[in-house]
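Since the structure comes first, as structure tokens, the remarks are kept for the end.
The values are calculated or read from the model by the stated rules, or taken from the named source; none is laboratory data. Only a predicted model underlies this, so the values are computations on that prediction, with no experimental measurement involved. Every residue, glycine as well, gets a Cβ built from its backbone with ideal geometry; the counts of neighbours run over all protein chains shown.
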């Protein structure tokens, strides 16, 4: 009798796990391709445009060449074969015909040797532009701070931030010249451990806050805390749980700790959120077919799918009033991770594929 009971429990748990995996990986979904207007691939950025952010004047800073323990050995082989390296690129939305340019990094304490940039946040402060960039390095992850030198199109390296609470970072949101939130994606700094966290649904991630001196944990444990952004008024923090398929809204307390006030369930794997500075709506780069992006992130030669959602937020920024799917494609652009809009122009970035520019005529 005991053996039958144990067998029944084991069978029920196994079936539950299989069904959850099927739903997580989206084996049941069909994709319908559409675009918001004329779109084309941007030349000169073929191996990733994982995250980006646009200034008030239309300058868009882009991270390219992500690598690290999030990806498998075939991914690393692919990058070595194509001589991919970490870069920070610039695209001017006011002059899209100029295309994309690489920004050279200067500074005696900066090393290109294991520079794999991931999340990015742009801060405009007193006429200057600062970039905060999550970087995966061989031994540990860091957040790097740069100043953009517009006359020479260079980035001056200013600071490197890391600490004992830093494990596997993903994205960053600047709150001041020397302070920021960053998402600790998970605990294990190796591919096997990271993969286990995904499929076992472990809540080992957090949001960290750097106050100018130290890192502190400021959120509850989170499953795969991915992209992060501040609301338009800076009072809320948006955090994406990618494999959790959730868009979470946190209230910033006076000590910069975060209190969760809303969770929006999404039938897609969201990646990086970008907030419209005028309306407060949120543009989300998403992966609509889970198993395809998993294959793609293991071996970039496998095609994946792309999706861009616009989450329409109410005046408080805490509640979603509607959603618009602006873009969906699995033929030309693989693994969309972010999208940013300036006027009626949109850039869509990918984890390790190309970048697309679109004219938006559907909003």
Original post:
In the set 193, 186, which member is modelled with pLDDT under 95 and in contact with a helix residue (DSSP H, G or I) (Cβ under 7 Å, 6 or more places away or on another chain)?
Top reply: 186
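Condition first: part of a loop (DSSP other than H, G, I, E, B) and surrounded by fewer than 23 Cβ atoms within 10 Å (Cβ to Cβ). Now tell me which residues in the range 220-243 satisfy that.
Here is the first cut: in the range 220-243, the ones part of a loop (DSSP other than H, G, I, E, B) are 220-221, 223-224, 231-235, 242-243.
Hits for the range 220-243 are 220, 221, 223, 231, 232, 233, 234, 235, 243.
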Original post:
Under the condition of being crowded, with 20+ Cβ neighbours inside 10 Å and more than 15 Å from residue 27 (Cα to Cα), which residue from the range 297-310 is modelled with the lowest pLDDT?
Top reply: 297
**OP:** Report whether or not residue 340 is touching a residue at least 60 places away in the same chain (Cβ under 8 Å), part of a strand (DSSP E or B) and touching a strand residue (DSSP E or B) at 6+ places or on another chain (Cβ under 6 Å).
**Re:** yes
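Which ones in the range 244-293 are part of a loop (DSSP other than H, G, I, E, B) and within 15 Å of the chain's Cα centre (by Cα)?
The answer is 244, 245, 268, 288.
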Subject >> Within the range 197-219, tally of residues that are assigned to a loop (DSSP other than H, G, I, E, B) and at pLDDT 90 or above >> reply: 6
Original post:
So, of the residues in the range 70-102 that are surrounded by fewer than 19 Cβ atoms within 10 Å (Cβ to Cβ) and in a loop (DSSP other than H, G, I, E, B), which turns out to be modelled with the lowest pLDDT?
Top reply: 72
Subject >> Failed item in (1) on the phi < 0 side of the Ramachandran plot; (2) surrounded by fewer than 19 Cβ atoms within 10 Å (Cβ to Cβ); (3) touching a residue at least 12 places away in the same chain (Cβ under 8 Å), with residue 153 passing the rest >> reply: (1)
**OP:** Report, by residue number, each residue of the range 24-49 that is outside any loop (DSSP other than H, G, I, E, B) and either more than 21 Å from the chain's Cα centre (by Cα) or closer than 14 Å to residue 305 by Cβ (or both).
**Re:** 25, 34, 39, 40
**OP:** State all residues of the range 179-196 that are surrounded by fewer than 20 Cβ atoms within 10 Å (Cβ to Cβ) and part of a strand (DSSP E or B); if no residue qualifies, say none.
**Re:** 179
